[in-house]
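Chemist: Quick one: structure below, then a few questions.
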Amino acid sequence: QVQLAESGGGLVQAGGSLRLSCVASGSALRVNAMAWYRQAPGKQRELVAQITSDGITDYADSVKGRFTISRDNAKNSVYMQMKSLKPEDTAVYFCNFRARRSFGGDYRDYWGQGTQVTVSS
């Protein structure tokens, strides 16, 4: 079964940086969009950044100018460089792939288990 594994989370002081990575296991996937979501306690999961198959990016207003999403199709991976982190960025971050099997099937969402990012003030 396809599994997505995030890494790179941790504890950082305000103003610091982290780089999140997400790699999908398995093979024969055709990936459309890749994205990062986050969820803080008591809040709904929100879309942070997205990158299409053509490399077009979109960001939540709260992270524009600070976060950068990128992808490596050969590695079935997505990354997010986070700079100038703020305490309000504290959340569990989840990667998301919109993908289907290469041999057929419908597109569906694949989710990672999440990685904790904590920004101290």
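Chemist: Looking at the structure I just gave you, is residue 113 of a type in the set (S, T, N, Q), at pLDDT 95 or above and either touching a Pro at 6+ places or on another chain (Cβ under 7 Å) or over 17 Å from residue 40 (Cβ atoms) (or both)? If you could, list the steps in order and put the result at the bottom.
Modeler: Values: of a type in the set (S, T, N, Q): yes; at pLDDT 95 or above: yes; either touching a Pro at 6+ places or on another chain (Cβ under 7 Å) or over 17 Å from residue 40 (Cβ atoms) (or both): no.
Answer is no for this residue.
Chemist: Right, next: For region 59-74, does any single residue satisfy the condition of being in contact with a strand residue (DSSP E or B) (Cβ under 9 Å, 6 or more places away or on another chain), open to solvent by 50 Å² or more (accessible area, probe 1.4 Å) and among the charged types (D, E, K, R)?
Modeler: Kept after step one, since they are in contact with a strand residue (DSSP E or B) (Cβ under 9 Å, 6 or more places away or on another chain), are these residues of region 59-74: 59-60, 62-63, 65-73.
If we keep only those that are open to solvent by 50 Å² or more (accessible area, probe 1.4 Å) as well, we get 62, 65, 68, 73.
Pick out the ones that are also among the charged types (D, E, K, R) and you get none.
No.
Chemist: Oh, and also: I'm told residue 37 meets every condition in (1) assigned to a loop (DSSP other than H, G, I, E, B); (2) in contact with a strand residue (DSSP E or B) (Cβ under 7 Å, 6 or more places away or on another chain) except one. Can you identify the failing condition by its number?
Modeler: Evaluating residue 37 over (1) assigned to a loop (DSSP other than H, G, I, E, B); (2) in contact with a strand residue (DSSP E or B) (Cβ under 7 Å, 6 or more places away or on another chain) leaves (1) as the failure.
Chemist: Can you pull out every residue in region 75-108 that is open to solvent by 50 Å² or more (accessible area, probe 1.4 Å) and either touching a residue at least 24 places away in the same chain (Cβ under 8 Å) or closer than 16 Å to residue 18 by Cα (or both)? Lay out the reasoning, then the answer.
Modeler: Going residue by residue through region 75-108, those that are open to solvent by 50 Å² or more (accessible area, probe 1.4 Å) are 75, 81, 83-84, 86-88, 98, 101, 103, 105-108.
Result: 75, 81, 83, 84, 86, 87, 88, 98, 101, 103, 107.
Chemist: Could you give me the residue pairs with C-beta distances under 9 Å whose first residue belongs to region 46-57 and is farther than 11 Å from residue 32 by Cβ and open to solvent by less than 60 Å² (accessible area, probe 1.4 Å), whose second residue is of a type outside the set (A, V, I, L, M) and part of a loop (DSSP other than H, G, I, E, B) wherever it lies, and which are 6+ apart or on separate chains?
Modeler: The qualifying pairs are 48/62.
Chemist: Can you pull out every residue in region 2-27 that is buried (at least 17 other Cβ atoms within 10 Å of the Cβ), part of a strand (DSSP E or B) and in contact with a Leu (Cβ under 9 Å, 6 or more places away or on another chain)?
Modeler: If we filter region 2-27 for residues that are buried (at least 17 other Cβ atoms within 10 Å of the Cβ), which is where we start, we get 4, 6, 9, 12, 18, 20-24.
Okay, now just the ones that are also part of a strand (DSSP E or B), so 4, 6, 12, 18, 20-24.
Within region 2-27, 6, 12, 18, 22, 23, 24 meet the criteria.
The values are calculated or read from the model by the stated rules, or taken from the named source; none is laboratory data. Bear in mind that the values here come from a model prediction, so they are computed numbers and not experimental data. Glycine also receives a Cβ, built like all others from the backbone with ideal geometry; neighbour counts cover every protein chain displayed. When the accessible area is computed, the model is the full protein with side chains, heavy atoms only, and any ligands, DNA or RNA have been set aside. Shrake-Rupley method; radii C 1.70, N 1.55, O 1.52, S 1.80 Å.
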